[in-house]
1. Kindly count the pairs of lysines across the chain whose alpha carbons are less than 22 Å apart, treating pairs on different chains or eight or more residues apart as eligible.
2. Please give the contour-minus-distance gain from Leu13 to Leu97: 0.36 nm per residue of separation, less the Cα-Cα distance, rounded to one decimal in nm.
3. Can you pull the three principal axis extents for the Cα set of region 1-97, in Å, largest first?
4. Put +1 on the Cβ of every Lys and Arg and -1 on every Asp and Glu Cβ in region 1-122; which of Trp23, His3, Pro109 then has its Cα farthest towards the positive end of the dipole?
5. If you average the sequence gap of Cα pairs under 8 Å that are 6 or more apart and divide by the length of the chain, what percent do you get for the contact order?
6. Once R0 is set to 45 Å, what does the formula 1/(1 + (r/R0)^6) return for the Cβ-Cβ distance between Ala140 and Ala116, expressed as a FRET efficiency to the nearest 0.05?
7. Determine the shape class of region 63-165: with a ≥ b ≥ c the square roots of the Cα gyration tensor eigenvalues, call it rounded for a/c under 1.5, and otherwise prolate if a/b is greater than b/c, oblate otherwise.
8. Across 5 Å bins from 0, what is the distribution of all Cα-Cα pair distances for region 90-145, in whole percents?
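The numbers here are math on the coordinates, done by the rules we state, and not lab data. The shown structure was predicted, so the numbers you read here are calculated from the model rather than taken from an experiment. Cβ placement follows ideal geometry from the backbone for every residue including glycine, while neighbour counts extend to all protein chains displayed.
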Amino acid sequence: MKHLRRPVRRALLVVHVAVSVAWLGLSLGLLTLGITAYTTQEVSLTQAAYRAMQVFADRLLAPVALVTFGSGLVLSLGTPWGLARHRWVWIKFWITLVTAIATIFALRPEITQAAAAGVPDSSLVAAPVVSTTAYLFMTAISVLKPWGLTKRGRHLRESTRSRRSGARATSRKTVDAA
């Protein structure tokens, strides 16, 4: 894939950061509601908290997860970072994919069941703890960019260097021959 032009890349980066932050915020909101539902002695508050979680799950979680995944994928493929060149990008890709799938296919149905039953469910505290931890970890590695290149990234860097040094040698020969 060709590199994205600067205005497109910047706009996509803003979208990616905004929806990623929204996903983190949703996760914190779900955690707060899950803790409230699990720890309260009031049945009506438990039911209300799970119904509120269901609104978030039904209307926001899937679109936010998919836009986060899609924008991150396009950014990685359309920038020099690449998808499999740097370990931190590769790890973010897999964590985002796994959390998006878990959110859509496991968390949403669990929230729907809890809203229907209205009974405290510890898994609706555990899941947001795991997702919030994952999103905070991904934020940290996005800022710190640790671990360096992947094997593929090292190979691509070496092949680029080889082509550049070969092009320089060819241009020197042409100058010397003239």
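1. Numbers: Lys2/Lys92; Lys2/Lys151; Lys92/Lys145; Lys92/Lys151.
Step by step, the pairs that qualify in the chain add up to 4.
2. Values: separation 84, 0.36 × 84 = 30.24 nm, distance 1.81 nm.
Stretched out fully, the Leu13 to Leu97 stretch lengthens by 28.4 nm.
3. Rounded to whole Å, the extents work out to 56, 25, 15 Å.
4. Among Trp23, His3, Pro109, the one farthest towards the positive end of the dipole of region 1-122 is His3.
5. On the way: 164 pairs, mean separation 52.8, N = 178.
RCO, the chain: 30 percent.
6. Here the calculated transfer efficiency is 0.75.
7. Working: a/c = 4.12, a/b = 2.89, b/c = 1.42.
It is prolate, given that a/c is not under 1.5 and a/b is the larger ratio.
8. 4, 18, 24, 20, 14, 10, 6, 3, 1
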